[in-house]
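The values are calculated or read from the model by the stated rules, or taken from the named source; none is laboratory data. All values derive from a computational prediction rather than experimental measurement. Quick reminder, even Gly has a Cβ in these numbers, built from the backbone with ideal geometry, and neighbours come from all protein chains shown. Note: areas computed on protein heavy atoms with side chains; ligands, DNA, RNA excluded. Shrake-Rupley method; radii C 1.70, N 1.55, O 1.52, S 1.80 Å.
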Amino acid sequence: SVLFIDGFVFLIFRRNLGKSGLRVSCLGLGTWVTFGSQISDEMAENLMAIAYENGVNLFDTAEVYASGRSDFAFSSRHPLKVFTRSSFVITTKIYWGGQAETERGLSRKHIIEGLRGSLSRLQLDYVDIVFANRNDVNSPMEEIVRAMTFVINQGMAMYWGTSRWSAMEIMEAYSVARQFNLIPPVCEQAEYHYFQRDKVEVQLPELYHKIGVGAMTWSPLACGLITGKYSDGVPECSRAAMKGYQWLKERVNSEEGRRQLAKIKELHLLADRLGCTAAQLAIAWCLRSEGVSSVLLGVSTADQLLENLGILSQMTPQTITEIDALLGNKPHSKKELRA
């Protein structure tokens, strides 16, 4: 869909999720940090309504987000309830469920019970995609793939995917699925932004072509770093100042963080020249990458959401070259090395 609102051009087009038949919006709404903790339920409902009305059909959560409270934003009051369930895609992630040892990991027990718990909180009969929210070295790959196949065959999910898995682990899951006539993963959720490139630009395109696994990426603004909000320190209301996010504060204040902030200032000047915001440029940059089916946005206000939805209509080769030169971190694929 193409919409024009307050001077922004909205081009929320659809892409296949990997090589599956599922069509998802190129931008999705994530709930990490924000839903259930940083923002009120009313604001969460407002953001979901704005996103859906502007062409977004993908909404992502996880059992670990806000200790499960983010799921309640999708409860009986949420605005998506007024739309046909088949018109939007909801994904969740399983790994960290509770304090007991049996409430964590990717055992058959936790995959099935964890997903049932998520569905109960979400007040839904099924999710469209269930992700394994990191690999579990204590669970055999065959057990993981069999459990994911089971929840799909039971109608609790339509597809399954991986999150923060290595290319080798994803290939192993695919091989196990093919060996035992089970269902393979269709998508990997991966962090992707200016300063985190190798996996999405080198490893995942190879998996996309070989076995059809697509990429759903998160943190396009590097936890807010790319917006420039940390240029003069850590604001009190920012994510880096929140309890449990000391690692982000340390990252911002590190030597590497300062180098990145210097590059971000240059990127802001480029965005100004192109007539967009730094956030819009960063999101469009993520979408240009081969195999990326959708980019998940994390926002806490309606203004942020509308800004992030107003992406550049196209990313020219000249702009890409200019950004690569500025960043100086373009990874080399195996094909390029062979050439």
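Quick notes on this one:
- Within segment 57-109, the set of residues being at pLDDT 85 or above, polar (S, T, N, Q), under 26 Å from Cys26 (Cβ atoms) and buried (at least 19 other Cβ atoms within 10 Å of the Cβ) comprises Asn57, Thr61, Thr91, Thr92.
- Single match in Gln179, Gln203 (criterion: under 30 Å from Ala271 (Cβ atoms) and in contact with a helix residue (DSSP H, G or I) (Cβ under 9 Å, 6 or more places away or on another chain)): Gln203
- Options Val137, Val130, Val186: the member that is among the hydrophobic types (A, V, I, L, M, F, W, C) and open to solvent by 40 Å² or more (accessible area, probe 1.4 Å): Val137
- Residue within segment 171-182 that is acidic (Asp, Glu) and part of a helix (DSSP H, G or I) present: yes
Yes/no matrix, rows are residues, columns are (1) open to solvent by 60 Å² or more (accessible area, probe 1.4 Å); (2) in a helix (DSSP H, G or I); (3) modelled with pLDDT under 80:
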{"residue": "Gly55", "(1), (2), (3)": "no, no, no"}
{"residue": "Glu113", "(1), (2), (3)": "yes, yes, no"}
{"residue": "Ser118", "(1), (2), (3)": "no, yes, no"}
{"residue": "Leu124", "(1), (2), (3)": "no, no, no"}
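- Single residue of Val213, Val200 found to be more than 30 Å from Asp303 (Cα to Cα), of a type in the set (A, V, I, L, M, F, W, C) and at pLDDT 95 or above: Val213
- Hey, Asp232 acidic (Asp, Glu) and at pLDDT 90 or above or not: no
- Scanning segment 259-308 for residues that are assigned to a loop (DSSP other than H, G, I, E, B) and small (Gly, Ala, Ser) returns Gly275, Ser289, Gly291, Gly298, Ser300.
- Residue check for Gln246: out of contact with any helix residue (DSSP H, G or I) (no Cβ under 7 Å at 6 or more places or on another chain), at pLDDT 90 or above and open to solvent by 60 Å² or more (accessible area, probe 1.4 Å): no
- Residue match in segment 194-202 (condition: open to solvent by less than 50 Å² (accessible area, probe 1.4 Å), among the acidic types (Asp, Glu) and assigned to a helix (DSSP H, G or I)): yes
- The test for being farther than 21 Å from Leu287 by Cα and either surrounded by 19 or more Cβ atoms within 10 Å (Cβ to Cβ) or at pLDDT below 90 (or both) holds for Ser37.
- Filtering segment 175-193 to residues that are hydroxyl-bearing (Ser, Thr, Tyr) and under 21 Å from the mean Cα position of the chain (by Cα) leaves only Tyr192.
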